[in-house]
1. Can you give me the relative contact order of the chain as a percent, contacts being Cα pairs under 8 Å and 6 or more apart?
2. So how much slack lies between Ala129 and Arg97, counting 0.36 nm per residue of separation and subtracting their Cα-Cα distance, in nm?
3. Could you size up the charge dipole of the chain around its Cα centre, putting +1 on the beta carbon of Lys and Arg and -1 on that of Asp and Glu, and report it in debye to the nearest 20?
4. At 1.4 Å probe size, with every protein chain present, just tell me what the per residue accessible area of the range 24-126 comes to in Å².
5. If you look at just the Cα atoms of the range 46-109, how large are its Rg and its Dmax in Å?
6. Express in nm, to one decimal, how much length is gained between Asp51 and Thr142 on full extension, taking 0.36 nm for each residue of separation and deducting their alpha carbon distance.
7. Under a 10 Å cutoff between Cα atoms, tell me which one of Gly53, Gly154, Gly63 has the largest fluctuation in the Gaussian network model of the chain.
8. Roughly speaking, what is the stretch gain from Arg64 to Thr31, that is 0.36 nm per residue apart minus the C-alpha to C-alpha distance, in nm to one decimal?
Amino acid sequence: MSTLEIRPATEADLAFITEIYAHAVRYGTATFELIPPDLSEMTRRFRALMDGGYPYFVATRDGRVVGYAYAGAYRPRPAYRFTVENSVYLEPAIHRRGIGLQLMQRLIIECEALSYRQMIAVIGDSANAGSIGVHARCGFQTIGTHPNVGFKFGRWLDTVMMQRALGEGATTLPADSKTD
């Protein structure tokens, strides 16, 4: 039995991450991208998240990256600065083994430590029961569905919006609320 490790992602992991994401783009509906980004684009995206101070993790098994999760800005305007959006992707062969759940749990802990107050999930395809289930197990509530907003593989796709409070959520004011 191999051991699973969840650790911060590095640029050395990006070839594996690019491969996992390319499969999701080509064959899945979790992302609405139609053309897989290459390694240089995935590197640019990774660096932007790192420069922003956002958490990014990989799950490895026997030294190979089998999944990844990160949080990034939900929206660019400053009023959203306490809210993040999450992403989680796994190798197809590793689905339904609890790895996505472990990645999400680690991501939530780190986002709370960074004083974020809300996490948003924008889940591609309302039929994506696995992702919806993982988010529900992590305390997310469904806040709405945008019907028929994406078109991929010759059909219309919904997005399911889910949200979870982090830390104190909206029960207290954030430390830098004076800038609003």
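1. Averaging sequence separation for qualifying contacts and normalising by length gives 19 percent for the chain.
2. That works out to 10.1 nm of additional length.
3. I would put it at about 280 debye.
4. It amounts to 50 Å² per residue over the range 24-126.
5. 13.0, 42
6. The span from Asp51 to Thr142 would gain 29.7 nm if fully extended.
7. Checking each option, the largest mean-square fluctuation is seen for Gly154.
8. Taking 0.36 nm per residue and subtracting the Cα distance, the gain is 9.6 nm.
The values are calculated or read from the model by the stated rules, or taken from the named source; none is laboratory data. Since the structure is predicted, the reported quantities are computational estimates derived from the model, not experimental observations. Positions of Cβ are backbone-derived with ideal geometry, glycine not excepted, and every protein chain shown enters the neighbour counts. Accessible surface areas use protein heavy atoms only, side chains included; no ligands, DNA or RNA. Shrake-Rupley method; radii C 1.70, N 1.55, O 1.52, S 1.80 Å.
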